[in-house]
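Novice: The structure under discussion is supplied below as structure tokens; questions concerning it will follow.
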Amino acid sequence: MTARIRFAALAALVLTTACHRSHRATSSTRAAAPGPNAHVPVAARSTDVIRRDGNHLTTAGSLYLQMHAHNPVDWYPWSKEALDRARTENKPIFLSIGYSSCHWCHVMETEVFDKDDVAEFLNAHFISIKVDREERPDLDAVYMQALSSMTGSGGWPMTLFLTPALKPFFGATYMPRDRFLSIAKKVNEQFAVARKDIERNADEVAARIGRDDRAANAPPIDADEIHRIATSALGRIDPQWGGFRGGTKFPTPVRWEFLLHAARKWGDAPLGNAVKATLDAMATGGIRDPIGGGFHRYSTDERWETPHFEKMLYDNAQLATLYLEAGRAFKEPRYTAVATDTLDFLLREMQSPSGGFYASFDADSDGREGAYYVWTRDELLRIGGPQDGPVLARILGASGAGTFPGAASVPNRRASFADVASASGRSVADVEALWTATRPKLLAARATRTKPRLDTKIVTAWNGLAIEALARGFEATGDARYRDAANAAADFLWRVHQRAPSGFFRASNKGRADAPAVLEDDAFLARGLVALFEATNRPELIDHASKLVDDAGARFRTPDQTGWYGNEDASTPFPRSVSLDDSVEPSGSAALLSTRIALGALTLRDDLTRAVDATLRARSAALRASGMGSSGWLDAALLRAGPFYDLVIAGDDGGAVDRLEQVRTTLSPAWSIAARVPANGPDAAFESLVAASHGKTAPPGSAKAYVCIEGACKAPTSDPAALRALLLEGWSF
């Protein structure tokens, strides 16, 4: 979760409001006697019985819901049964939203929801609903908007009280037991004596949610404006530690990807330097696990040194993709090494035997956050021995006092091998060899500790991000493990997550898929499949991606054809909206925009790009206002401003084809999409899916590259240097 919000002001607001209204009893209380046809309240069970037999979460597939299935709170999942009961019994709803790897969610469960007195009060006066935000991102998004509108902040566990009509009237995040119980009692009192005021306030909150940001007559956003927005971000970037200024820092790969593409478009050195400074600081800080690989969810300090220790699939997939492109764009092998280390972590720790990738690792083990990952200097000395132990401690930045409770340190790689060598009187080669030899020993020693809980839920959207990262990893390194893992994940999703007769499921648990996909599932998976097509040239992947994009259009497109809603139907009283929020992940709309641009270039379907243009035009005023908050949208707008190329390489001379292909994989142009065909051109099946391949041939024993924009092609070339120059027209590096 994010840092705890300042609760004192919220509590004061509720108490002040309650004191102000407490004397104004209204006629809309719930004390009316039931009529002959009234709903009969559900018979109450004791907390002992609920704890023993379980509540209504016992059959849920979600690990997060299962973790609460034997709380004494009579939890329901978000379901018709729960919502109907709230309405018929005229009770407010207590809504708690979190996820399995959330540290403060665990704390609140232990301190609050596992207490009998809290459970007895909730069970008597509220309908309590527990939601896994990872399975229901639509509910999470709309209620997070409500929480932010009420408090100016947000995080998880999300703690909300709703009317039976599902409209929130009080919200917070983590609360300790006494404060929570006090607030729950005050909410219950006010719901009884000031119901009209409660509902009026809830209506005001609801009115602020889901407002349409479409502007009918705003001019489209152009390349110069996009550049100005990108350069304006420089004033908010930490010049010493990278990232955006603040005491808490999230990686937000989508923002750095946009700034990287802006730097590559205009040759903007300050933007490029800001990207590199941030990537270096994250790669060497404690937010990255130097022993096991992968990144933690966020840093609690400005130096990226003390993380919140969750490991999320979506973070690591996006960061791997970002570092891969940066490695090739900046010609910096250290970024590629970070990326492949991250991909190796995903393969080793997060891929299921069936091919899909698991959702996350918890922050806690043995009841302590970060216990699995931190080391004392003495532990490192024992593993390294008397001669090498002090050098190992220097490599990992471990001091005697430590930086964590118990004289432990969060390992980092701030000290370079050269720095460690100089301080230790060793050669650089000796220090590098020591690290290479000792890292497996550290992994083995760490494996004897209690491992953080793994959420084995397989989320469609996040697997799409992983497929994209692995495809790019294969292109960058030629390591077939990445290609094979991406293929396995794609095949698993297509086999298990498809719904009949159409569409996809959001997630599966132990092979059981449920809950319909939301926009980001279609969009992220389609984007991953397009990347995998570039890496493998499997035409069926374009067919699958096209079906996903078309499905998204049918299920999520706004009636006026100017955007895509995040979910298919309204599960709440709030109107659906088009999200422009690109934060820890790109919005589903942003990912769909970039995917439609790439697919439009390959398939020559102008309906795909027409929808992109209409959407960017309709949302241009909101994009100007949002700025870096809509980085994924701006990145799509930048790619659409282009030039965006389709590249087809034709040939049957393996060496000649490889030399042309290497130009693309070395350059890694985000502004192109590529396909390969034999010297005599594509067969009918391939051409029917990849229309851009039509007529692309090469003389026997040679290869030719065709660089085109929406069907208009430049003169083909067999020269790698000429191909590089063609792909860089309109771009800088």
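Novice: Residues to consider are 247, 293, 286; find the one that is at positive phi and in contact with an Asp or Glu (Cβ under 7 Å, 6 or more places away or on another chain).
Specialist: The match here is 293.
Novice: Consider region 295-309. How many of its residues are crowded, with 24+ Cβ neighbours inside 10 Å and within 23 Å of residue 470 (Cα to Cα)?
Specialist: Matching residues across region 295-309 total 3.
Novice: Name the strands (runs of 3 or more DSSP E) wholly inside region 114-232 in which the number of residues that are among the charged types (D, E, K, R) and touching a Phe, Trp or Tyr at 6+ places or on another chain (Cβ under 9 Å) is 2 or more.
Specialist: Hits in region 114-232: 127-132.
Novice: Name the residue that is nearest to residue 217 (Cα to Cα), counting only residues in region 607-616 that are surrounded by fewer than 20 Cβ atoms within 10 Å (Cβ to Cβ) and touching a residue at least 12 places away in the same chain (Cβ under 8 Å).
Specialist: 614
Novice: For residue 655, which of the numbered conditions (1) over 17 Å from residue 730 (Cβ atoms); (2) assigned to a loop (DSSP other than H, G, I, E, B) fails to hold?
Specialist: (2)
Novice: Quick one: how many residues across region 641-663 are surrounded by fewer than 21 Cβ atoms within 10 Å (Cβ to Cβ) and within 30 Å of the chain's Cα centre (by Cα)?
Specialist: Final tally of qualifying residues: 3.
Novice: Going through region 663-681 one residue at a time, which ones are closer than 12 Å to residue 705 by Cα and touching a residue at least 40 places away in the same chain (Cβ under 8 Å)?
Specialist: Scanning region 663-681 gives 663, 664, 674, 675, 676.
Novice: Could you tell me whether residue 95 is in contact with a Phe, Trp or Tyr (Cβ under 9 Å, 6 or more places away or on another chain) and in a helix (DSSP H, G or I)?
Specialist: Considered against the rule, which asks whether it is in contact with a Phe, Trp or Tyr (Cβ under 9 Å, 6 or more places away or on another chain) and in a helix (DSSP H, G or I), residue 95 comes out as no.
Novice: Restricting attention to region 355-403, which residues are assigned to a loop (DSSP other than H, G, I, E, B) and free of Cβ contacts under 8 Å to residues at least 12 places away in the same chain?
Specialist: 367, 401
Novice: Of the residues 414, 426, which is in contact with a helix residue (DSSP H, G or I) (Cβ under 6 Å, 6 or more places away or on another chain) and outside any helix (DSSP H, G or I)?
Specialist: Within the list 414, 426, the selection yields 414.
Novice: What's the number of the condition residue 391 fails, among (1) in contact with a Ser or Thr (Cβ under 6 Å, 6 or more places away or on another chain); (2) closer than 30 Å to residue 266 by Cα; (3) of a type in the set (Val, Ile, Thr)?
Specialist: Condition not satisfied by residue 391: (2).
Novice: Does residue 619 meet the test of being outside the structural domain of residue 670 (by TED's automatic domain parsing) and surrounded by fewer than 21 Cβ atoms within 10 Å (Cβ to Cβ)?
Specialist: So residue 619 does not fit the description; no.
Novice: Let me ask something else. List the helices (runs of 4 or more DSSP H) that sit entirely inside region 235-340 and contain at least 2 residues that are in contact (Cβ under 8 Å) with a residue 60 or more places away in the chain and of a type in the set (A, V, I, L, M).
Specialist: Correct list: 253-266, 313-329.
Novice: Follow-up. Identify the residue in region 562-594 that is touching a residue at least 40 places away in the same chain (Cβ under 8 Å) and of a type in the set (D, E, K, R) and, among all such residues, is surrounded by the fewest Cβ atoms within 10 Å (Cβ to Cβ).
Specialist: Across region 562-594, the extreme among qualifying residues is 568.
The values are calculated or read from the model by the stated rules, or taken from the named source; none is laboratory data. Since we're looking at a predicted model, the values are computed, not measured. Neighbour counts are summed over all protein chains in view; Cβ atoms, including those assigned to glycine, are modelled from backbone coordinates with ideal geometry.
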